[in-house]
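Below is one structure, written out as structure tokens; the observations come after it.
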Amino acid sequence: MHWPDTILTYDRGTGVLYTCDVFGMHYCDDALYDEAPNLLKADFQYYYDCLMGPNARSVLGALKRIDPLEINLVATGHGPLLRHHRQDWMERYRTWSETQAKAEPFVALFYLEDYGFSPRLGQAIAQGITKTGTAVELINVAEADPHEVRELVHEAAGLVVGMPPQQENSRLHPVLSTILAAANRKQGIGLFESGGGHDGPIYPLRNRFQELGLTEAFAPILVKEAPAAATDKLCEEAGTDLGQWLNRDRQEKKVHLEASLDQSLGRISSGLYLLTARRGEVTGAMVASWVIQASFQPLGVAIAVAKDRAIESLMQVGDSFVLNILQEGNYYRLVKHFLKRFPPGADRFSGIATYEANNGSPILAEALAYLECTVAHRLEASDHWIIYCTAGAGRVANTDGLTAVHHRKVGNHY
């Protein structure tokens, strides 16, 4: 839902559904229960619009799961307990979410719950997709209704399919046949093996989608052994590629600002930096320019990182990385290399001279200076994360060198 930890919990003994933020509102009076719905309706809808509306498909998925339950009471994390009019509140959520979901592009991701590593890989791909602001509908192939599959595929902007086990005497899994029949050439497609030992062949299915004219957003993900952290990262980056492909038109239409404001913002100069990080076998790198010193005690810096950057998942609270400061007159090759579009799972440091920092992250040998940083706080700021980090160590390679400076003419894009 709107936070990664939102979960609905049902107590079969009492019939109480604990919903965390779902069905909540920022409202409090003397009544423990929803005795006066007319006093609550405005706050109930306002809370939905702010927190749940952007996740309408997740709301619909939750409603579908709780439909069969005998619910006596809805215990929310905010606002009164819902007892007297709980069915009406749920139907409001359903109506609003169905309207919202129809207006948003989404990806239909098909996986198999109890087969191989399909759930793990599917969740990693879904995480990458959602980083781009694109919704994901997860469909368990084992429980999928053909009519529902046909409708979802028809409405989806993109498709991701985890290979089910191959069936004897059947050329294609029935659900796959339904997906193929409903797919259209405007969609993006991605395929991954489930690693269950009996996966159907992935390349014949890939060829079928290509014959239908679908665009392959990422190369097929092949699973030959138990997934490791690097596999999860590959899947996440593949999902991000698909999400960015779906949003390409929106990205090309730059935010329209009043001309003088746009130009004024563009006159805010900044340095040029490269963030590098390593967590186990997983590495990441990113060109950055929105970097400032943010504190003296402790010494700290703040960095703006776009939500769909691959390195973002390596910059959670407690993670460490290196801030490489680039030198004026000696940065073009590095920036050109790291601005390339890397395929999912690619080694971003191939051909680049590095050595290891105390925190394990790569230091660029050509950098003017570097700081070893640890993430202390993260602040959500629209399409970026503002990441505050403490600096624990650093070194200047050339005391006479000057930091490379980035000048823009407009403020609505990099």
Within the stretch 405-414, tally of residues that are surrounded by 13 or more Cβ atoms within 10 Å (Cβ to Cβ), part of a loop (DSSP other than H, G, I, E, B) and not β-branched (Val, Ile, Thr)
3
Which of (1) assigned to a helix (DSSP H, G or I); (2) surrounded by fewer than 18 Cβ atoms within 10 Å (Cβ to Cβ) is the odd one out, the single condition Lys233 does not satisfy?
(2)
Check off (1) within 16 Å of Met52 (Cβ to Cβ); (2) in a helix (DSSP H, G or I) for Gly128 and give me the number that stays unchecked.
(1)
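Out of curiosity, is Gly318 out of contact with any strand residue (DSSP E or B) (no Cβ under 8 Å at 6 or more places or on another chain), touching a residue at least 12 places away in the same chain (Cβ under 8 Å), small (Gly, Ala, Ser) and assigned by TED's automatic domain parsing to the domain that holds Leu368?
no
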For the stretch 337-381, the count of residues that are among the hydroxyl-bearing types (Ser, Thr, Tyr) and either loosely packed, with under 12 Cβ neighbours inside 10 Å or in a helix (DSSP H, G or I) (or both) equals 2
Some residue of the stretch 253-265 being in a helix (DSSP H, G or I), surrounded by 16 or more Cβ atoms within 10 Å (Cβ to Cβ) and touching a Ser or Thr at 6+ places or on another chain (Cβ under 8 Å):
no
Please find, within the stretch 382-404, the residue that is surrounded by the fewest Cβ atoms within 10 Å (Cβ to Cβ) out of those that are within 16 Å of Ala288 (Cα to Cα) and of a type outside the set (Val, Ile, Thr).
Asp383
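Results for (1) in contact with a Leu (Cβ under 8 Å, 6 or more places away or on another chain); (2) outside the structural domain of Ile125 (by TED's automatic domain parsing); (3) modelled with pLDDT under 90, shown as yes or no for each residue.
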residue: Glu148; (1), (2), (3): no, no, yes
residue: Ala157; (1), (2), (3): yes, no, no
residue: Leu176; (1), (2), (3): yes, no, yes
residue: Gly188; (1), (2), (3): yes, no, no
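The values are calculated or read from the model by the stated rules, or taken from the named source; none is laboratory data. All values derive from a computational prediction rather than experimental measurement. Neighbour counts run over all protein chains shown; Cβ positions are idealised from the backbone, glycine included.
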